[in-house]
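Participant: Could you have a look at this structure, given as structure tokens, before my questions?
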Amino acid sequence: MNREGKLLNMKKAQYQYQKGLPQPLGVTRCGDDYNFAISLQRDCQCVLLIYHCGEKKAFLQIPVTKEYATGTIYSVRILNLKETEFEYSYLVDDQPLIDPYSTALTGRNKWGAGTVSGTETVHSRVSCSMYHWEQDQLPKHSLENVMMYSLHVRGFTKHASSGVKAKGTYQGVIEKIPYFKELGVNQIELLPAYDFYETADEEESCHYDHPFRNHASVYETAEKDKAQRVNYWGFTDGFYFTPKASYAYGVDPVSEYKDMVKALHKEGIELIMQFYFPEGINRNLILDCICYWVLEYHIDGVHLQGTNLPVTLIATNPLLADTKIYYYDFDTENIRKETRLGDSKNLAVYRQEYADDMRRYLKSDEDMLKAFTYHMRHVPKETGIIHYISQYEGFTLYDLVSYDCKHNEANGEDNKDGNSYNYSWNCGYEGLTRKKAILELRKKQMKNALTFLLLSQGTPMIYAGDEWANSQLGNNNPYCQDNAVAWTEWKQNRFSKEVYEFTKNMISFRREHPILHQPDELRIMDYISCGYPDLSYHGESAWYPKFDNHIRHIGMMFCGKYAKINHSQEDSFLYAAFNMHWDTHAFGLPKLPKNMKWYLKVDTGAKNGRDFYKDQEEILLKNQDQLTVSERSTIVLIAL
């Protein structure tokens with residue numbers, strides 16, 4: 001035996017170990033002892049490797065033989081391991097394996113570098129340092145009061161125009177908190193920010209046969225030329241228990257992520273995490289993962305991505321009773337049978353139908369009024385619902401009114417990737433233009449879309465950059481574009497500033513009027529005997545709407561008597577006239593209670609540039625019986 005081998009055996013002799021506990025998986029500290037538990041294939045050969053921080057050679061190697069197995073969980077307890085910080089990994093059948101329950105990793109701090117060169121320098125890290133949460137409190141906003149904002153941690157501040165110091169990081173998100181407050185959002189949704197694989201080669205190099213992994217990926221492909229394509233979005237397998245190290249500004253992603261959550265909570269802003277779980281991944285890991293992030297990172301909720309997920313199991317877990325859970329759909333009947341959540345709405349449906357129908361109405365498709373009015377009022381009985389016009393997948397809001405067709409050539413897939421059905425309209429010219437008339441129409445269409453969204457019941461979501469007219473140059477699937485195409489550009493031109501101010505004003509208007517965001521669906525009935533239904537529809541004559549397939553305009557009145565401001569004062573009467581026809585139309589206005597008059601609040605088609613009138617600046621209508629709305633425009637009135 002050489003000198004190095006003797007030293008290793010001497011070091012090993014200083015430690016005692018025994019069969020450990022099979023639960024919980026991962027590493028658990030018990031005084032000076034550490035328990036290691038991992039699920040593996042039956043009858044495999046496993047060796048646990050322990051490293052001093054920063055070293056490539058293990059100072060301790062422990063064979064974890066089948067005598068250490070309970071079922072297929074191999075566990076070992078190391079007694080009196082004095083190191084307060086160390087790294088570890090496994091050799092399984094002579095192949096390196098990173099613990100899928102790792103809560104921190106080393107060697108993955110540089111974006112795009114990952115583990116392509118091999119896994120020998122990537123280890124799981126264990127630290128005993130305590131994080132001080134201080135007086136952190138979850139905001140716990142009810143779903144009807146949430147104003148949601150979805151972003152990509154790296155792309156949100158990576159662009160040179162972002163104006164932050166720590167570009168593309170959790171710290172960069174912290175620097176933008178004053179912006180969130182100014183805009184008026186109170187919930188941030190992050191695209192995957194667990195430590196996912198950034199390239200196909202990296203993912204392949206890190207996959208080994210064990211029960212908690214599934215080798216399939218949404219980006220899996222047999223074409224060799226795709227192997228090095230960057231996985232920018234992060235919807236793939238990864239290390240679900242650790243925040244993405246390359247999104248950290250410093251060397252400690254765990255503390256930096258917690259700093260972000262704590263800073264957001266201090267300003268009353270919730271944090272939602274997106275998790276993508278591929279088909280066939282172990283369901284126990286999914287539930288363990290969500291519970292871990294809720295307990296360890298104080299996140300306010302999760303947006304689950306993937307098919308056949310154990311959603312009922314997650315929704316009925318008592319630990320998650322106050323955690324917001326977003327998914328395509330829920331088996332509410334069984335969920336209510338198995339839980340004592342009562343009327344608590346911590347679940348929300350999050351899917352595409354609203355966006356598709358609103359886009360079709362926006363571009364004046366035929367026979368869309370019934371779908372439009374349904375989405376404007378609809379809130380599921382048992383859950384909340386998330387509404388959006390655009391998101392990470394598909395056109396941005398600006399591109400939705402600037403491109404008829406997708407332009408994904410930069411993705412290297414001959415423009416065959418991405419959805420070909422975007423229900424978009426370029427307003428008369430494909431792509432970038434300086435034509436004033438077209439730009440004005442695009443701006444008006446963006447304001448119309450924002451008005452749809454922010455006057456809808458349910459929970460509205462704005463995708464980062466839409467409020468600044470951010471463009472991806474017609475790319476509706478920039479999953480591999482880690483560059484200015486996918487990064488949020490913080491534009492400072494007149495066009496973008498006008499759209500931003502309109503967005504901010506409409507968010508404020510929504511927040512001030514609870515009749516626009518009720519916890520339950522409006523009934524279109526006078527169920528409090530006040531003389532007015534909570535919601536009513538109107539056409540060219542008040543109280544007589546038309547829903548024929550060729551009709552593209554409708555009036556809606558929201559009766560403020562059905563909602564209270566600060567639980568005491570009645571809300572206002574509001575009237576919204578939507579005209580997505582290419583001709584001007586007249587609307588009959590319903591009579592108001594005595595001593596009330598209709599005032600102009602919002603006009604997306606205003607020729608004088610006054611698209612929004614702040615409190616006490618509203619304009620009294622000269623004609624209280626009829627309202628004329630120009631083509632492709634929305635007008636909102638308030639009764640004062």
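Participant: Excluding residues on the same chain fewer than 8 positions from K561, give the aspartates and glutamates whose Cα lies under 14 Å from its Cα.
Facilitator: Straight-line reach from K561, under 14 Å: D526, D534, E570, D571.
Participant: Now for a different question. Note down the nm distance, to one decimal, between modelled labels 7 Å out along Cα→Cβ at H550 and at K110.
Facilitator: 6.6
Participant: Give a quick list of GluC sites (Glu not before Pro) in the range 569-640 that DSSP marks as loop, anything other than H, G, I, E or B, with at most 12 other Cβ atoms within 10 Å.
Facilitator: Answer in residue order: E617.
Participant: Ranking request for peptides 95-102, 554-561: highest mean number of other beta-carbon atoms within 10 Å first, then the rest in descending order. Please report the intermediate quantities before stating the final value.
Facilitator: Details: 95-102: 20.9, 554-561: 23.2.
The densest-packed peptide leads the list: 554-561, 95-102.
Participant: May I ask you to order 438-451, 407-420 by the average number of other C-beta atoms within 10 Å around their residues, highest value first?
Facilitator: In decreasing order of mean packing, 438-451, 407-420 become 438-451, 407-420.
Participant: Can you tell me how much longer the chain between A437 and T339 gets when fully stretched, taken as 0.36 nm per residue apart minus their C-alpha distance, in nm with one decimal?
Facilitator: Extra length from A437 to T339 when fully extended: 29.6 nm.
Participant: Determine the order of T106, T628, T70 by accessible area, beginning with the largest, at a probe radius of 1.4 Å.
Facilitator: T628, T70, T106
Participant: State to the nearest 20 debye the size of the charge dipole of the chain about its Cα centre, where the only charges are +1 on K and R beta carbons and -1 on D and E beta carbons.
Facilitator: 1380
Participant: State the answer as a single residue: which of Q171, C46, L105 lies farthest towards the positive end of the charge dipole of the range 23-176, with beta carbon charges of +1 for Lys and Arg and -1 for Asp and Glu, about the Cα centre.
Facilitator: About the Cα centre, the residue reaching furthest to the positive side is Q171.
Participant: Could you give the length gained on full extension between Q61 and H567, defined as 0.36 nm per residue of separation minus the Cα-Cα distance, in nm?
Facilitator: Here the segment from Q61 to H567 would lengthen by 175.7 nm.
Participant: Under a plain spin-label model, where a point goes 7 Å from the Cα along Cα-to-Cβ, how far apart in nm are M525 and W543?
Facilitator: If labels sit at M525 and W543, their model points lie 1.9 nm apart.
Participant: Continuing with the same structure: Among M461, I438, S420, which residue has its Cα positioned farthest towards the positive end of the charge dipole of the range 392-471, with +1 placed on the Cβ of Lys and Arg, -1 on the Cβ of Asp and Glu, and the dipole taken about the Cα centre?
Facilitator: I438
Participant: Taking amide H atoms as placed 1.01 Å from N in the peptide plane, list the residues 5 or more away in sequence, or in a different chain, whose amide H sits under 5 Å from that of I462.
Facilitator: Answer set, sorted by chain and number: M148, Y149, S150.
Participant: Past 23 Å, Cα to Cα: identify those pairs from K167/K447; K443/K607; K435/K504; K416/K491; K110/K497; K165/K324, in the order given. Could the numbers behind the result be given before it?
Facilitator: Details: K167/K447 30 Å; K443/K607 12 Å; K435/K504 26 Å; K416/K491 30 Å; K110/K497 35 Å; K165/K324 32 Å.
Table pairs above 23 Å Cα-Cα are K167/K447; K435/K504; K416/K491; K110/K497; K165/K324.
Participant: While we're here: Determine, for each peptide in 423-431, 55-63, the mean count of other beta carbons within 10 angstrom over its residues, then list the peptides with the highest first.
Facilitator: Packing proxy ranking, top to bottom: 423-431, 55-63.
Participant: Roughly what % antiparallel, to the nearest 5, for the DSSP beta bridges in the chain?
Facilitator: Of all bridge pairs located within the chain, approximately 70 percent are antiparallel.
Participant: Now a separate question. Report the FRET efficiency, 1/(1 + (r/R0)^6), for S364 and D136, where r is their Cβ-Cβ distance and R0 is 35 Å, rounded to 0.05.
Facilitator: The computed FRET efficiency comes out at 0.15.
Participant: Which aspartates and glutamates have a Cα less than 17 Å from the Cα of K19, not counting those fewer than 8 places away in the same chain?
Facilitator: D32, D33, D43, E67
Participant: For the pair D322 and S161, how long in nm is the line joining their label points, each one 7 Å along Cα→Cβ?
Facilitator: With each label point 7 Å from Cα toward Cβ, the separation is 4.1 nm.
Participant: Could you pull out every residue, at least 5 positions away or on a different chain, whose amide H is within less than 5 Å of the one on Q274? Hs are placed 1.01 Å off N in the peptide plane, and Pro or chain starts have none.
Facilitator: Here the answer is L190, A193, H303, since their amide H atoms fall under 5 Å of that of Q274.
Participant: Moving on to the next point. Given a 1.4 angstrom probe, I'd like the percentage of the accessible area of the range 421-506 that is carbon and sulfur, rounded to a whole number.
Facilitator: About 53 percent, which is the carbon plus sulfur part of the accessible surface.
Participant: State the answer as a single residue: which of M596, A160, P22 lies farthest towards the positive end of the charge dipole of the chain, with beta carbon charges of +1 for Lys and Arg and -1 for Asp and Glu, about the Cα centre.
Facilitator: M596
Participant: Expressed in nm to one decimal, what extension gain is obtained for the pair E393 and K19 from 0.36 nm per residue of sequence separation less their Cα-Cα distance?
Facilitator: The E393-K19 span can extend by a further 129.9 nm.
Participant: Applying the Karplus parametrisation 6.51 cos²θ - 1.76 cosθ + 1.60 with θ = phi - 60° to the phi angles of the range 354-366, what ³J(HN,Hα) value in whole Hz is obtained for each residue in order, glycine and proline being reported as x?
Facilitator: 4, 4, 4, 5, 5, 5, 5, 5, 4, 8, 6, 5, 6
Participant: What is the sum of charges around Y562, taking Lys and Arg as +1, Asp and Glu as -1, for the other residues whose C-beta is under 14 Å from the C-beta of Y562?
Facilitator: Computed value for this residue: -3.
Participant: Okay, which of the range 261-283 sit inside 20 Å, backbone N to the point 7 Å along the Cα-Cβ direction of E182?
Facilitator: Only 263-270 fall inside the zone, counting backbone N under 20 Å.
Participant: To test your reading of the geometry: what angle, between 0 and 90 degrees and rounded to tens, separates the Cα axis of helix 494-512 from the longest principal axis of the chain?
Facilitator: So the inclination is approximately 90 degrees.
The values are calculated or read from the model by the stated rules, or taken from the named source; none is laboratory data. It should be emphasised that the depicted structure is a prediction, and the values quoted were computed from it without experimental measurement. Here Cβ is always computed from backbone atoms with ideal geometry, including for glycine, and neighbour counts include all displayed protein chains. All accessible areas refer to the heavy atoms of the entire protein, side chains included, with ligands and DNA or RNA removed. Shrake-Rupley method; radii C 1.70, N 1.55, O 1.52, S 1.80 Å.
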